[in-house]
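To start, the structure itself, in structure tokens.
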Amino acid sequence: MTTMTRPLPVPADWRDFLALTKPGVMRLVVFTGLCGLLAAPVTIDPVLGFTAILCIALAAGAAGALNQWYESDLDARMKRTRNRPLPAGRMDRQAALHFGVGLGAFAVILMGLAINLLSAAILAASILFYVVIYTVWLKRRTPQNIVIGGAAGAFPPLIGWAAATDHVSALPLFMFALIFLWTPPHFWALALFVKSDYANAGVPMLPVVAGEQVTRTQIGLYTIPMAAAAIAPWPLGLTHAIYGIVATAATAFFALLALQVATRRTGADDRMRPEKRLFAYSIAYLFIIFTALVADRFLS
Amino acid sequence: MTDPQDDEDLIRRRQRSRARVTALLLAALVILFFFISIAKIRSGTP
């Protein structure tokens with residue numbers, strides 16, 4: 001009797017598992033979560049604080065892995081994402097699914113056991129929101145995908161605050177609203193200069209579906225409530241002048257860049273410099289706002 | 001076509017490096033859980 005010998009599958013490298021967690025995105029998530037934790041009006045044991053931030057990072061990694069598991073076909077069609085472990089064929093889909101589910105479950109259980117149930121519940125909700133609501137349900141169906149999906153990225157400061165205080169109050173809700181309303185101008189600025197990539201992949205991003213002009217107008221319009229959410233904590237007495245002054249100045253600059261993008265008309269060979277500038281500054285903007293929030297808590 | 005011996009070597013290398021990373025992560029978790037327990041005992045929370 002003869003037996004067929006099948007080649008053994010090559011296991012994925014550990015670096016590919018790391019890449020699956022989207023470390024670049026995780027940086028901002030960890031930072032805003034840490035700021036939520038530090039801005040809370042109580043002090044948390046440093047070990048427990050570290051554990052809470054670790055859980056937020058692991059949950060973000062799990063959500064990123066499950067997003068890549070579900071979207072591997074889509075990632076293969078986009079220049080920006082085609083070298084990720086799944087579309088590049090360096091990992092099989094089942095390994096990515098097991099890794100994502102395992103990592104997410106571990107993060108939520110650890111948060112529940114070591115910190116508190118409220119932060120664990122919000123953490124679980126944030127993973128489910130990103131994977132089920134954004135990735136599976138909205139992303140391929142509606143140009144409003146990132147508007148509603150933006151809530152997924154807005155959870156970390158809320159989780160950080162809940163980890164420290166075991167409750168949620170007005171200030172972290174404003175931080176949630178700020179990130180939620182910041183997401184559309186941030187993503188649409190990116191979508192304007194990688195429009196063809198999204199169109200090729202069949203993702204109904206706003207510039208692909210409604211056109212460039214509508215997207216520009218929406219960037220301008222969303223900047224208004226975003227600015228209100230960023231500045232409001234100061235006049236409402238939730239923060240002091242340090243946050244108020246920094247937030248007002250940083251938001252004014254954001255609004256200026258957004259206005260520039262909103263009122264532009266572009267030709268065929270446009271290099272999209274203002275859009276790239278707005279996208280780059282929008283990331284720095286969140287770092288500035290959240291750093292100011294923590295500085296305000298400790299210096300005022 | 002790739003040499004089966006090369007594939008075998010690559011698989012072994014990958015398995016070794018993954019085992020090493022897993023061992024490091026488990027060791028880090030043991031240390032973390034120890035310090036979490038100490039923090040919980042000190043603060044008197046369950």
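Among the residues of region A:164-184, those identified as open to solvent by less than 10 Å² (accessible area, probe 1.4 Å) and either among the hydrophobic types (A, V, I, L, M, F, W, C) or closer than 17 Å to A:ARG297 by Cβ (or both) are A:PRO172, A:MET175, A:LEU178, A:ILE179.
Quickly run through region A:11-47 and pick out the residues that are within 13 Å of another protein chain (Cβ to nearest Cβ) and closer than 24 Å to B:ILE38 by Cα. A:VAL42, A:THR43, A:ILE44, A:ASP45, A:PRO46, A:VAL47 - these are the residues of region A:11-47 that are within 13 Å of another protein chain (Cβ to nearest Cβ) and closer than 24 Å to B:ILE38 by Cα.
Of all residues in region A:48-63, those satisfying the criterion of being over 15 Å from B:PHE33 (Cβ atoms) and surrounded by fewer than 24 Cβ atoms within 10 Å (Cβ to Cβ) are A:GLY49, A:ILE53, A:ALA57. Residues that are part of a helix (DSSP H, G or I) and either over 14 Å from the mean Cα position of the chain (by Cα) or charged (D, E, K, R) (or both) within region A:113-124 comprise A:LEU113, A:ALA114, A:LEU117, A:LEU118, A:SER119, A:ALA120, A:ALA121, A:ILE122, A:ALA124, listed in sequence order. Going by the structure shown, is A:ALA63 in contact with a Phe, Trp or Tyr (Cβ under 7 Å, 6 or more places away or on another chain), touching a residue at least 40 places away in the same chain (Cβ under 8 Å) and outside any loop (DSSP other than H, G, I, E, B)? Yes, satisfied.
Based on what the data block shows, is B:LEU25 more than 7 Å from chain A (Cβ to nearest Cβ) and open to solvent by 90 Å² or more (accessible area, probe 1.4 Å)?
On the way: more than 7 Å from chain A (Cβ to nearest Cβ): yes; open to solvent by 90 Å² or more (accessible area, probe 1.4 Å): yes.
Judged against the criteria, B:LEU25 is a match.
With respect to the conditions (1) surrounded by fewer than 11 Cβ atoms within 10 Å (Cβ to Cβ); (2) outside any helix (DSSP H, G or I), B:GLN5 falls short on a single one, namely (2).
Of everything in region A:255-264 that is surrounded by 15 or more Cβ atoms within 10 Å (Cβ to Cβ) and in contact (Cβ under 8 Å) with a residue 40 or more places away in the chain, the residue that is farthest from A:SER300 (Cα to Cα) is A:ARG264.
Only one of the numbered conditions (1) within 14 Å of chain B (Cβ to nearest Cβ); (2) surrounded by fewer than 21 Cβ atoms within 10 Å (Cβ to Cβ); (3) part of a helix (DSSP H, G or I) is not met by A:ASP73, and that is (1).
The values are calculated or read from the model by the stated rules, or taken from the named source; none is laboratory data. Keep in mind it's a predicted model, so treat the numbers as computed, not measured. Positions of Cβ are generated from backbone atoms using ideal geometry, with glycine treated the same way; all protein chains shown enter the neighbour counts. Protein only, heavy atoms only, side chains kept; ligands, DNA and RNA dropped before computing areas. Shrake-Rupley method; radii C 1.70, N 1.55, O 1.52, S 1.80 Å.
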